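The values are calculated or read from the model by the stated rules, or taken from the named source; none is laboratory data. Note that the coordinates shown come from a computational prediction; the quantities given were computed from them, not determined experimentally. Cβ placement follows ideal geometry from the backbone for every residue including glycine, while neighbour counts extend to all protein chains displayed. All accessible areas refer to the heavy atoms of the entire protein, side chains included, with ligands and DNA or RNA removed. Shrake-Rupley method; radii C 1.70, N 1.55, O 1.52, S 1.80 Å.
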Amino acid sequence: MNPKSYTIRNKAGMSITVSSLGGIVQSLLVPDRNGKLGDVVLGYPKATQHHDNGYMNALIGRVGNRISKGGFTLDGTFYPLANNSKDCALHGGEIGFDQKIWDVRTFAGADGPSIELTLLSPDGDEGYPGNLFVRVVYTLMEDCAWRIDYMAVTDKPTVVNLTQHAYFNLSGGKDKDLCGHYVQVNASRFTEHLKGNIPSGKVLPVEGTSLDLRQPTSFCECLHGAKKDAYLKKVGGGFDHNYVLDRIAPGLSQAVVLEHPESGRQMEVWTTEPCVQVYTANFLSPKDKGKFGYGFDPHAGVCFETQHAPDSPNQVGFPSIRLDPGQVYRSTTIYAFDVVDVCEG
């Protein structure tokens with residue numbers, strides 16, 4: 001089945017184009033301070049190019065990020081998984097949700113125009129137990145925000161950790177790297193990782209390290225300047241770290257603020273998840289020409305993958321991602337954009 005594309009627009013001028021292949025976001029148009037629309041996600045002319053270029057802008061599942069030890073044990077049964085990346089299972093396996101054709105429909109939601117994506121992942125899919133029904137809704141809220149609501153149910157005990165792998169660059173295709181961006185992450189702790197980005201099980205303070213982004217910080221300083229240190233160098237010279245958010249209550253909590261002063265665009269990330277993976281596209285290659293007319297080098301964009309911590313099924317101290325029959329998996333993330341005199345009312 002060939003993938004199809006769907007576009008919705010809201011009254012604020014935003015639009016999003018989504019492929020039925022992997023729920024891939026092919027474009028996300030957001031106004032700048034002058035009201036001019038710009039595409040704030042990286043991407044390629046064809047949706048089929050996105051998987052081989054860092055899972056770009058796709059839905060990730062059944063389990064985002066990494067699972068070590070060749071699989072996981074649930075109720076005494078070991079479920080082997082394909083080690084599709086450096087001795088670990090990454091982003092759902094060899095054929096994860098980013099490579100599936102989803103059922104898609106558009107509708108007028110209560111908060112704005114919406115795209116619904118649904119998928120039935122059969123028992124044993126990529127080694128995971130249970131028939132898992134997944135529903136994801138992308139909504140363009142009328143206050144200049146892209147909302148993602150995730151839902152899943154299963155008929156057997158299983159594990160689920162869904163996320164979106166969008167690569168943001170708020171310049172709208174004008175900047176080829178992140179140097180013009182400033183970032184703030186509301187997290188005072190991160191999960192230490194070992195070789196292959198597998199967590200050690202320790203949760204450490206960011207204070208005194210280059211990972212401390214609790215105040216607005218220049219990406220240029222981190223990636224190329226004085227703040228670059230061993231934490232960044234060992235993962236491709238940039239960020240690829242899971243931050244544990246400083247939330248004070250359940251529900252939506254602000255995780256990230258990203259700013260691009262030249263365009264005037266600002267993006268806040270709000271989520272119900274406990275963590276966010278900050279990834280600065282350390283391993284992109286310019287081999288394929290992107291939709292802006294040039295290939296993407298490392299650090300051309302940044303991902304904020306809201307999630308539970310990596311390798312949760314094998315880390316007894318981390319919050320569980322187990323889902324049982326009768327339970328409903330729910331998660332919400334909002335990428336909220338703001339520009340003075342443009343995204344108001």
How do 82-88, 238-244 rank on mean C-beta neighbours within 10 Å, highest first? 238-244, 82-88
Given +1 on the Cβ of Lys and Arg, -1 on the Cβ of Asp and Glu, and no further charges, what dipole in debye does the stretch 143-291 carry about its Cα centre, rounded to the nearest 20? 460 debye
Answer in debye to the nearest 20: the dipole magnitude of the chain about its Cα centre, from +1 Lys/Arg and -1 Asp/Glu charges placed on Cβ, is 460 debye
Would you mind pulling out the separation of the Cα centroids of the stretch 113-131 and the stretch 164-186, in Å? 30 Å
For a label point 7 Å from the Cα of ASP324 along Cα→C-beta, name the residues of the stretch 72-99 whose backbone N is under 15 Å from it. 74-76
Computing the accessible area with a 1.4 Å probe over protein heavy atoms, can you report the carbon and sulfur percentage for the chain? 50 percent
Starting from the Cα-Cα distance between LEU204 and GLU192, subtract it from 0.36 nm times their residue separation and give me the gain in nm to one decimal. 3.7 nm
Using log10 I(q)/I(0) by the Debye sum over Cα atoms at q = 0.08, 0.12, 0.16 Å⁻¹ as the read-out, say which of (1) -0.39, -0.91, -1.58; (2) -0.34, -0.82, -1.57; (3) -0.45, -0.96, -1.47 was calculated from these coordinates. (2)
Solvent accessible area, Å² - TYR150, 1.4 Å probe, full protein context: 10 Å²
What helix-only [θ] at 222 nm does the chain give? Using -39500 (n - 2.57) per DSSP H run of at least 4, over all residues, to the nearest 500, the answer is -500 deg cm²/dmol
About its Cα centre, how strong a charge dipole does the stretch 250-339 have in debye, to the nearest 20, once Lys and Arg get +1 and Asp and Glu get -1 at the Cβ? 240 debye
Please calculate how many Å² of accessible area the stretch 75-160 carries per residue, with a 1.4 Å probe and no DNA, RNA or ligand atoms counted. 40 Å²
Of PHE292, PHE97, PHE304, which is the most mobile in a GNM of the chain whose springs link Cα atoms less than 10 angstrom apart? PHE292
Quick check: pseudo-label points 7 Å beyond the Cα along Cα→Cβ at VAL316 and GLU94, how many nm apart are they? 3.3 nm
State the extension gain, in nm to one decimal, for the chain segment bounded by LEU252 and THR106, taking 0.36 nm per residue of separation less the distance between their alpha-carbons. 50.1 nm
